[in-house]
1. Can you say whether L136 is more than 24 Å from C10 (Cβ to Cβ), of a type in the set (A, V, I, L, M) and touching a residue at least 40 places away in the same chain (Cβ under 8 Å), as far as the supplied structure shows?
2. Considering every residue within the range 102-124, establish whether at least one is within 22 Å of C49 (Cα to Cα), surrounded by 18 or more Cβ atoms within 10 Å (Cβ to Cβ) and under 16 Å from the mean Cα position of the chain (by Cα).
3. Please go through the range 35-44 and pick out each residue that is open to solvent by less than 30 Å² (accessible area, probe 1.4 Å) and within 11 Å of L68 (Cβ to Cβ).
4. What single numbered condition from (1) in contact with a Lys or Arg (Cβ under 7 Å, 6 or more places away or on another chain); (2) under 27 Å from V142 (Cβ atoms); (3) aliphatic (A, V, I, L, M) fails to hold for V33?
5. Looking at the structure I just gave you, is A91 modelled with pLDDT under 90 and open to solvent by 70 Å² or more (accessible area, probe 1.4 Å)?
6. When the residues of the range 180-202 are narrowed to those that are open to solvent by less than 20 Å² (accessible area, probe 1.4 Å) and under 16 Å from the mean Cα position of the chain (by Cα), which ends up modelled with the highest pLDDT?
7. Restricting to the range 125-134, name every residue that is within 22 Å of the chain's Cα centre (by Cα) and either of a type in the set (D, E, K, R) or surrounded by 20 or more Cβ atoms within 10 Å (Cβ to Cβ) (or both).
8. Any idea which residue in the range 139-173 is surrounded by the fewest Cβ atoms within 10 Å (Cβ to Cβ), counting only those that are farther than 15 Å from C13 by Cβ and among the polar types (S, T, N, Q)?
Amino acid sequence: MRRSVNPRRCVACRRERAPREMLRVVRRPDGQVALDEQGKTSGRGAYVCPDPQCVALCLKRRLLEKSLKCSVPAEVQAKLRAAVNLEECDALPDAAELFEEIKGTLGLARRAGELIVGQDRVLGELSAGQNLFVLLTHDHSVTLKRSIDAKNAGAHVLAGVSRLELGQLLGLRQAQIVALPVRSGFAEKIKGLLPEGGNAVE
């Protein structure tokens, strides 16, 4: 009988993946903190996607410390950077700062009538064959992601931005998905603001 694998959640983007697909930092029973390269060390673990954006965000906002409830040594941080080829000098805006930069563009896009808001509208446009630049909040639903995957459409996660925050920008109670035509100037501007062109959901 095949054994099921419990997914783990990235401390940065909050996306769930199989443990073997992620980087694990562990606080061992003796209190030492290490990068668990084999994924077998006993202790309290915290997981992060093997993506420069997620590693940079978790280090900048000390998300590993919050999860493990202890400090993470500089050598462990250096190993994480090396694992994703992230230079120490590479700066990543805090999620709130990043949202401040892109929300003006989203607001302009909505006033221009180019922003597509809500699950039904976005999925409807994708079904009609529209090529869209899709943005999801970090707390998007698994069902929504599956629906996007079923349409062979990529999406980008706004790490640290919640449904409530996106909803406030749009004058709604909450929102977890918006989209723009790929060829839109607004889409190109937002892509330029997002590190690595956004955190693409495979």
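1. On the way: more than 24 Å from C10 (Cβ to Cβ): no; of a type in the set (A, V, I, L, M): yes; touching a residue at least 40 places away in the same chain (Cβ under 8 Å): yes.
Considered against the rule, which asks whether it is more than 24 Å from C10 (Cβ to Cβ), of a type in the set (A, V, I, L, M) and touching a residue at least 40 places away in the same chain (Cβ under 8 Å), L136 comes out as no.
2. Just the residues of the range 102-124 that are within 22 Å of C49 (Cα to Cα), to begin with: none.
No: the range 102-124 contains no residue that is within 22 Å of C49 (Cα to Cα), surrounded by 18 or more Cβ atoms within 10 Å (Cβ to Cβ) and under 16 Å from the mean Cα position of the chain (by Cα).
3. Listed by number, the list is empty, since nothing qualifies.
4. (2)
5. Working: modelled with pLDDT under 90: yes; open to solvent by 70 Å² or more (accessible area, probe 1.4 Å): yes.
So A91 passes the test.
6. Let us first name the residues in the range 180-202 that are open to solvent by less than 20 Å² (accessible area, probe 1.4 Å), namely 180, 184, 187, 190, 194, 198-199, 201.
Still in the running and under 16 Å from the mean Cα position of the chain (by Cα): 190, 194, 198-199, 201.
On the way: I190: 84, L194: 70, G198: 49, N199: 45, V201: 41.
If we take residues in the range 180-202 being open to solvent by less than 20 Å² (accessible area, probe 1.4 Å) and under 16 Å from the mean Cα position of the chain (by Cα), then I190 is modelled with the highest pLDDT.
7. Result: L126, L132, F133, V134.
8. By that ranking, first place goes to N152.
The values are calculated or read from the model by the stated rules, or taken from the named source; none is laboratory data. Predicted model only: the values in this text are computed from it and were never measured. Virtual Cβ from ideal backbone geometry, glycine too; neighbours counted across all protein chains shown. Quick note on the areas: whole protein, heavy atoms, side chains included, nothing else; ligands and nucleic acids left out. Shrake-Rupley method; radii C 1.70, N 1.55, O 1.52, S 1.80 Å.
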